[in-house]
Each structure stands twice: as C-alpha cells, then as structure tokens.
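The values are calculated or read from the model by the stated rules, or taken from the named source; none is laboratory data. For clarity, every value in this text was computed on a predicted model and none was experimentally measured. All Cβ positions, glycine included, derive from the backbone under ideal geometry; neighbour counts span all protein chains shown.
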Amino acid sequence: GGPIGDAVAYRLNVSGNRAGGWISPDGDFRNLGPDWCESKVPGAKALIEKYGLALPGSVEVNNLSEAKRLLNWEPKVGFVEFLEKFVSAETSRKVWDLPVATDEERNKVALWNRTGFHVASQTITEAFERQVERTPDATAVVFEGVSLTYAEFDSRANGLARQLIAMGVGPESLVGLSIRRSLDLMVGLYAIAKAGGAWVPVDPDHPAERTAYILESAQPTCVVTTARDDVDLPSGTRVIEIDTLDYGQLDSRPIVNADRLSPLHFSNTAYVIYTSGSTGRPKGVAVTHAAINNQLQWMNAEYELSASDIYLQKTATTFDVSLWGFFMPLQVGATLVVATPDGHRDPIYVANKIAELGVTITDFVPSMLTLFTANAPAGSCDSLRHVFVIGEALPPETSSAFRELCGAGLHNLYGPTEAAVSVTYYEAVATDTTSVPIGMP
C-alpha cells in the first residue's frame, strides 16, 4: 500500500500560537506560517480525526480541550502536543524520527505487556501423570454418579493408548474423536494424547456431510468412538469402539517415549480443531502441546485452582474452551464433573449439578449465562468461586444479574482458536454498566 493521502494538513492555534503547514508522504515538513490557507496545499488530506483516517480538507484545533473533544481518545491528545512542539520548529526531521509517544504512554504500554510467566516445558498430560503419583486414590472424574480415581482413570487411558500405538498412532498422527460426553470421552481424549497423537474432535451430532468433510480433510489414522454413540461415519473409516474394550485385559503401565512410535515433544501437535466455517468451509487449526500447556498453567496459577476445587465441564469438544475443564482440574488434584450430553442446554440441570456436587468452577458462553441467571434458583450457586465466560460479547445486564445470583468471580476472556483458547482476561465489576471489557493480555 501507498500513502493514505497526498499529505497531512494541519493547522494549530494552541495557547495563542498559530502554526500551519503540511507533511508530505515522504515525511518532510513544510511550514506555511500563521496565514496558511488550505488552497496553498492542493489535494491535502487531514488525518487528525477520531481514528486517524484520511478525509478531504483539514482540521483546525484551537486548544487542547477542543482536541480532546475532536479526537475522543485521551492518548491522541499527545499527537496534538507533538505537532505543537515539533512541526513548527524542526522542519528538517522526518515524521517517523520524532518521538510521538510520551514517556507516560511508553511506560503504560510496557506495563500492559509485562506478561512474562514461567511455563514448564511439558506435554499436555505430564502434569496429570505427576498428579496421579501424588494422589492416586483421589477422585478424578465423575459422570452421572460413576467416578474414577486418578489411578483408575490413568490406568484406562494407558491401556487404550497402547492399543492406539499398536494401530499406528504416534507424534503428529491425527486421531478422530467422536464420543458424546461421558467417561469414555475422557479416557479417549487422554489416551490419544498419551500415545502422542493429536485429537481431532468430531461432534457425533453434526450432519454426516460435515463429519465426512472433516475426516477427508484431516485423514486421521483412526477414529476413537463408541458403539453406544452409533456415530454416522463414512464407510471404510478405521474405528476403535472403546466401550467394547475389557480394560482389565489391557497393559496399563505408564506410557514413556520408548513405548511410542517416536519421542513426543512439547513442540508436537496436541489437537486440531475445525473452525465453524462461517467464512467458508471449515478449516483445521493445529495447536501444539507447548501452546495449550502455556494456557493451562497460566489459568491454574492466575485463578489458584487446587485439589479442593470441583470443575463442571459442559462445553463441546469442538470448542477449544472445553480444554479448560478437560485438563486444568486434573493437573492440580481437583475433581472434574462431566455433564450429560445435553445437560449444558438446561439451566436447571446445571444449577442442580452445581448445588448437588458443590461445584466451584465452570464456564459459559455469555448467551447461556444469560439463560442460566434468569432460571437458576436462588442459593443454588453458593459453592461457585470462579465462572469463566468466553466466545461472545458479555452483556453488562448479564454480568449484573450474575452478581445478584451469586458472589463468584465472573471472568471475561477472549481469544481465537489459533491462540490456544484465550489471550486477554478481565474480572467483571459492578461499574461495568455500558459494556464489559475483554481486558488485557
């Protein structure tokens, strides 16, 4: 792209000192004195506007108060001061050589970007495996009244992982995962990761055409599913129905690199999620162990998850937000409660499950949180201490209604699939009456 306009025309009258001139696309100044007239600069463009866009004509600024009103953004006042200070006096300098940002602005940007956080170099299941050694008898996963301890869950995942390795699954292998929410879903997910493969979530309830497209695109080594779910898969698809396995007959020893087809590194792909395809056909987004591990470790540290927490997981595997529930609690010794396949659509079911099991953490998309706050019985959410919202804009009315329902922290996060779930965070407060920010990195 070339220059936005032929020139930047400016006219200042600040503190009684008038100045006028233009800045060429090459960055050169030409001062035209206090009697400057726009006709002296044919074709000039004014960039001093709300978003710095090129518009015909010029802009006259008589004082800094008027500049604030015109620019409607506090930091941009510094640009007016920049013109006042430099344009009239230093005509030999280029625009891009001048320090446009003030010291205060530079310090603020440095503070905003002070986001360094030590992250252990590990795969997505290594923190879980260390937790198994620490608390083998603690409850790891609960689904519809059936629970597995850390040792029991790890044993099943190891046994299935060895089956997958025997089928040719290893680092950088893609494996379809098409199971409705259940204990089997959790075992399948962890087994794929332990084998070194990257899971590709396929919603069992999606149209057969979408499923066929994803599998044709991904070309997975196999698809992990269940006979119970009876998923409509293309003919010829290589499948393993894990609800038909006898885990007691499988080798459940811990998986190490010597067992895998090749060593697994944190730089390997952990999963591939196909986006919604709102701007075309769905496209697969590959995320490494290092990237998602960075997210999980930061979340656990920022929100101080511990062994006393109970996380209600109710997000579909086809959304990367589901990884919070699938992995965060099991890295710190907490308990994961898996909602029934359709439970996430029923606010009363969710409220009852929270009250029944003493759930402390869960997540919502804002539209479902709106429905939840309108229907959840008073007192049903007293055990909650953190609720994460992501995926849509959070209405301030929903934030206010949630605060009336319970005293848990409400955290608004934002991030694209490519960035491993979230990149900004913000805790909603009572003063968010017109909008709820997405926060800072």
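Annotations for the structure displayed:
- Some residue of segment 423-439 being assigned by TED's automatic domain parsing to the domain that holds GLY379, of a type in the set (Phe, Trp, Tyr), out of contact with any Leu (no Cβ under 7 Å at 6 or more places or on another chain) and over 21 Å from SER322 (Cβ atoms): yes
- Spans of strands (runs of 3 or more DSSP E) in segment 298-389 with at least 2 residues under 23 Å from ALA151 (Cα atoms): 310-313, 335-338
- Among the residues of segment 423-432, just one is of a type outside the set (Gly, Ala, Ser) and surrounded by fewer than 11 Cβ atoms within 10 Å (Cβ to Cβ), namely THR431.
- Criterion applied to GLN219, GLN249 was being loosely packed, with under 12 Cβ neighbours inside 10 Å, among the polar types (S, T, N, Q) and under 32 Å from the mean Cα position of the chain (by Cα), and the one residue passing it is GLN219.
- Wholly within segment 94-184, strands (runs of 3 or more DSSP E) carrying at least 3 residues that are under 23 Å from the mean Cα position of the chain (by Cα) and surrounded by 13 or more Cβ atoms within 10 Å (Cβ to Cβ): 174-177
- Annotation: ALA127 fulfils all but one of (1) farther than 22 Å from THR335 by Cα; (2) modelled with pLDDT of 80 or more; the unmet one is (1).
- Residue count, segment 266-286 (criterion: under 21 Å from VAL389 (Cβ atoms) and in a strand (DSSP E or B)): 1
A quick yes/no check of all residues on (1) surrounded by fewer than 22 Cβ atoms within 10 Å (Cβ to Cβ); (2) in contact (Cβ under 8 Å) with a residue 12 or more places away in the chain; (3) not aliphatic (A, V, I, L, M):
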position	(1), (2), (3)
GLN297	yes, yes, yes
GLU302	yes, yes, yes
ALA307	yes, yes, no
LYS314	no, yes, yes
GLY333	yes, yes, yes
THR340	yes, yes, yes
